[in-house]
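The structure appears right after this line, and notes come after that.
The values are calculated or read from the model by the stated rules, or taken from the named source; none is laboratory data. As the structure is a computational prediction, the values presented were derived from the model and not from experiment. Every residue, glycine as well, gets a Cβ built from its backbone with ideal geometry; the counts of neighbours run over all protein chains shown.
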Amino acid sequence: MKTPVSLGALQYEGSALIADPIHEYITFTVPFGAVREKAVRPSETTENDLIDSPWMQRLRYIYQLQSARWVYPSAEHSRFVHSLGAMHVAGRFARHLYPFLAKAAADVPSANYVEELLRITALAHDIGHGPFCHFFDDNFLKRFHLTHEKLGQVIIREYLGPLIRKIRRSPSGPFAKGESLDPDQIAHLILKDKSKDNSRVPTWLNFLQPIISGSYTGDNLDYVLRDSYMCGVAVGPVDLSRLIHYTIITEKGFTIHKTGLPALQMFLNTRMYLYSNVYYHRTTRAIDIHLREIFGETMDILFKDDPRKKMEDYLHLTDWSLLEEVRAWVKSRNPRQKKLGEEWSRILNRNVKWKMAYNTILKDDGRGRGMDFPSSEYYEDRIRKELPLRLSHLAFKVDMAPQDPRPDPKDTRGTPLLVFDPATEEVSTKPLEEFLDHLPTRLFQFRLYAADHGTDSELSRAAATVLDKRPSGIETNV
């Protein structure tokens, strides 16, 4: 006698929910249970398997905000929870965009395949990060001409690939017959390899890349919402639903309807506010300056090799493992480790070494994209020459934090943000160029740091002379 299967059991088989403070609930796929008599697949691979894999779980131990968490005490969230949120947003984009994609490009896979491709790409987009995230890229991976995206591609192809290939459905349903996810497509979406011939990459795949690495993405839409919430920072509105609704795909590529530009403007202004007040907070940058002084030598002791040669060791290199290791160095009998341990102790105890003496904004004043300001070393040399003779050997640092809130109409990745004008029914970058007039231009937050506030006045005068500015009111650190 057959056991009756309730409709309730069927409806809730194969997926589960994750409670989330930003998106309320995030759906993810899990294996079907025994309630489906002919559909029991005990060997089925799902998003749950990928989420529970060692490489994804590793992200629980890497903080989302590298140094800002020492400034905003509640910002203790990890790259893991951000990756789940990015997966959710990318899935929303996929479900909305699929009808447009199917009309704009040939040989498009099934809707459920595209949804899952974008969800898994967003889930794994940060998989290559090391401790202190982007700081780690600039101060360690750069030695080996690496970025976290390039390392992520290695992990996706070589370590997560076997799991990814076995996934056969999205939260919306199964793929079309014969379809299976391709880790190479996911790696391509994370970072297009400009050294290779990409002419064979399907057009539909390139159309989707801006959802992962464009002006507004599953990644940055989640982190702006999540970081502001977790920091307790009041920011302007981010109308996620409106942005998704007014995003389309045309034969020219990823496109925003002109009606959606105000929502994009709100988002970009909110993101810029976070950069100014969280990511580039004066104390956050002061801690980063201190970290740069000791990080290279620290990594020479902890992990000096190219991660690609020691991926099993890299799996266990996280914020947690690094900080617990260096915490003990202050008691080391090794003089080198002891000295580094004392510096790490200052950072871990939030004993901020560098104090801000001067702060201003440098604007590009119409400079073209790609044109750089002089280096911080250039300004340090010029400012030192303007100091009184008695301060000629004063220890100070110039910090220049770049901000560019404007989307680039001529995106160097070959995926510019296009705008559909309903009045003319044209798709071009021209409305975007006009829209840029409503956004701040490219700028640098220019700051001077010294060991204490005793020379703030002299440093401010010297900097103002070099920059041809009058000294502004002097801020002090929190």
Where the second residue is among the basic types (K, R) and the first is part of a helix (DSSP H, G or I) and lies in segment 227-245, which pairs have Cβ atoms under 7 Å and are six or more apart or on separate chains?
I244/R92
Give, as residue ranges, the helices (runs of 4 or more DSSP H) completely inside segment 372-478 that count at least 1 residues that are out of contact with any helix residue (DSSP H, G or I) (no Cβ under 9 Å at 6 or more places or on another chain), at pLDDT 95 or above and among the small types (G, A, S).
456-467
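For segment 253-262, check the following and say yes or no: at least one residue is closer than 18 Å to L417 by Cα and among the small types (G, A, S). Talk me through it step by step, then tell me what you get.
Step one: list which residues in segment 253-262 are closer than 18 Å to L417 by Cα, which gives 253-262.
Adding the requirement that they be among the small types (G, A, S) leaves 253, 260.
Yes, because at least one residue in segment 253-262 is closer than 18 Å to L417 by Cα and among the small types (G, A, S).
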Which is within 22 Å of the chain's Cα centre (by Cα), of a type in the set (A, V, I, L, M, F, W, C) and over 23 Å from A94 (Cα atoms), of L160, L151, L189, L221?
L151
If we keep just the residues of segment 419-439 that are touching a residue at least 24 places away in the same chain (Cβ under 8 Å) and β-branched (V, I, T), which is farthest from G260 (Cα to Cα)?
V427
Can you tell me which residue among V89, V114, V108 is hydrophobic (A, V, I, L, M, F, W, C), assigned to a helix (DSSP H, G or I) and touching a Phe, Trp or Tyr at 6+ places or on another chain (Cβ under 9 Å)?
V114
Does H96 satisfy being under 30 Å from Y280 (Cα atoms) and touching a helix residue (DSSP H, G or I) at 6+ places or on another chain (Cβ under 8 Å)?
no
Which ones in segment 106-151 are at pLDDT 95 or above and among the small types (G, A, S)?
S110, A111, A122, A124, G128, G130
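Checking the condition out of contact with any strand residue (DSSP E or B) (no Cβ under 7 Å at 6 or more places or on another chain) and without any contact (Cβ under 8 Å) to a residue 60 or more places away in the chain, which residue from Y98, Y72, Y113 passes?
Details: Y72 fails: without any contact (Cβ under 8 Å) to a residue 60 or more places away in the chain; Y113 fails: without any contact (Cβ under 8 Å) to a residue 60 or more places away in the chain.
None of the others qualify; the one that does is Y98.
Considering only segment 259-344, give the helices (runs of 4 or more DSSP H) lying wholly within it that have at least 1 residues that are touching a residue at least 24 places away in the same chain (Cβ under 8 Å), surrounded by 14 or more Cβ atoms within 10 Å (Cβ to Cβ) and of a type in the set (D, E).
On the way: elements: 261-274, 282-302, 311-314, 319-327.
In segment 259-344, the matching helices (runs of 4 or more DSSP H) lie at 282-302, 319-327.
Here's a check for you: in segment 233-253, which residue that is in contact with a Ser or Thr (Cβ under 6 Å, 6 or more places away or on another chain) and modelled with pLDDT under 95 is nearest to A86 (Cα to Cα)?
Kept after step one, since they are in contact with a Ser or Thr (Cβ under 6 Å, 6 or more places away or on another chain), are these residues of segment 233-253: 235-236, 238, 246, 248.
When the remaining residues are screened for being modelled with pLDDT under 95, the result is 235-236, 238.
Numbers: V235: 20, G236: 20, V238: 15 Å.
Across segment 233-253, the extreme among qualifying residues is V238.
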